[in-house]
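Below is one structure; the comments refer to it alone.
Nothing in this text is a laboratory measurement; each read-out follows from the coordinates by a stated rule. Note that the coordinates shown come from a computational prediction; the quantities given were computed from them, not determined experimentally. Positions of Cβ are backbone-derived with ideal geometry, glycine not excepted, and every protein chain shown enters the neighbour counts.
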Amino acid sequence: MQKITPCLWFENNDAEDAFKFYSSIFKNSKIVDEMYWGEAGGEQKGKLLVATFELDGMQFQALNGGPHATFNDAISLSIDCKDQEEVDHYWNGLTADGGKEVQCGWLKDKYGISWQVVPEILPRLLRDKDQAKADRVMQAMMKMVKIDIAALEAAARG
């Protein structure tokens, strides 16, 4: 059991659509638990209140909390990717249907959640003992929207 579970607050009863959307992108995803409004929900009776879902082994809660709060850039979800194919898969999936590309591997999905799509090579190159090499990689990355591994490797070579 996971000790800390991020709870994502959705408005407009988007929670169910959101976890279906994420489950279509992340393999090994599942709904763990769902709770629906009862009589106390008034006109919400029978609608989803909160669901726990899992994306590649990490649990999240999706709450239909209403229009009282919106997502912002103060928190993001970071995806570690082994290669360009994985970067492209997550990038294309999460920007689909109204998502927005941002910069430096960041994007916002159609619900407004910020994501970082990071190839595993990027932090290795940025931590290289050759500071000039690391600086070239950083400069290249700062000009990117979606991370391009081949361009990072070219920058590292000089």
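Counting other C-beta atoms within 10 Å, and keeping those with at most 12, which DSSP coil trypsin sites (Lys or Arg not before Pro) do you find in region 16-86? Spell out each step's value before the answer.
Values: sites: K20, K27, K30, K45, K47, K82; in loops: K27, K45, K47, K82.
Listed in order of number, the matching sites are K27, K45, K82.
Kindly work out what percent of the DSSP beta bridges joining two residues of the chain are antiparallel, to the nearest 5.
65 percent
Among A15, G98, W37, which residue has its Cα furthest toward the positive end of the charge dipole of the chain, with +1 on Lys/Arg Cβ and -1 on Asp/Glu Cβ?
After comparing all options, I get G98.
Fewest Cβ neighbours within 10 Å first, please rank L55, L125 accordingly.
L55, L125
Arrange the following residues from fewest to most other Cβ atoms within 10 Å of their Cβ: H68, H89. Show your work: numbers first, answer last.
Values: H68 7, H89 17.
Placing the least packed residue first, the sequence is H68, H89.
Give the total of Lys-Lys pairs in the chain with Cα-Cα distances below 20 Å; include a pair only if its members are 8 or more places apart or on different chains.
19
If the only charges are +1 at each Lys and Arg Cβ and -1 at each Asp and Glu Cβ, what is the size of the charge dipole of the chain around the Cα centre, to the nearest 20 debye? Intermediate values should be presented prior to the final figure.
Numbers: 18 positive and 25 negative charges, 100 e Å.
It comes to approximately 480 debye.
Stokes-Einstein D for the chain at 20 °C, 1.002 mPa s, Kirkwood Rh over Cα pairs, in µm²/s?
124 µm²/s
Can you tell me, using C-alpha contacts under 8 Å and at least 6 residues apart, the relative contact order of the chain as a whole percent? Let's see the in-between values first.
Working: 290 pairs, mean separation 30.0, N = 158.
This gives 19 percent for the chain.
From the phi of every residue in region 39-56, what ³J(HN,Hα) in whole Hz does the Karplus formula 6.51 cos²θ - 1.76 cosθ + 1.60 yield, where θ is phi - 60° and glycine or proline is x?
4, 5, x, x, 5, 7, 3, x, 8, 4, 9, 8, 9, 9, 9, 10, 10, 6
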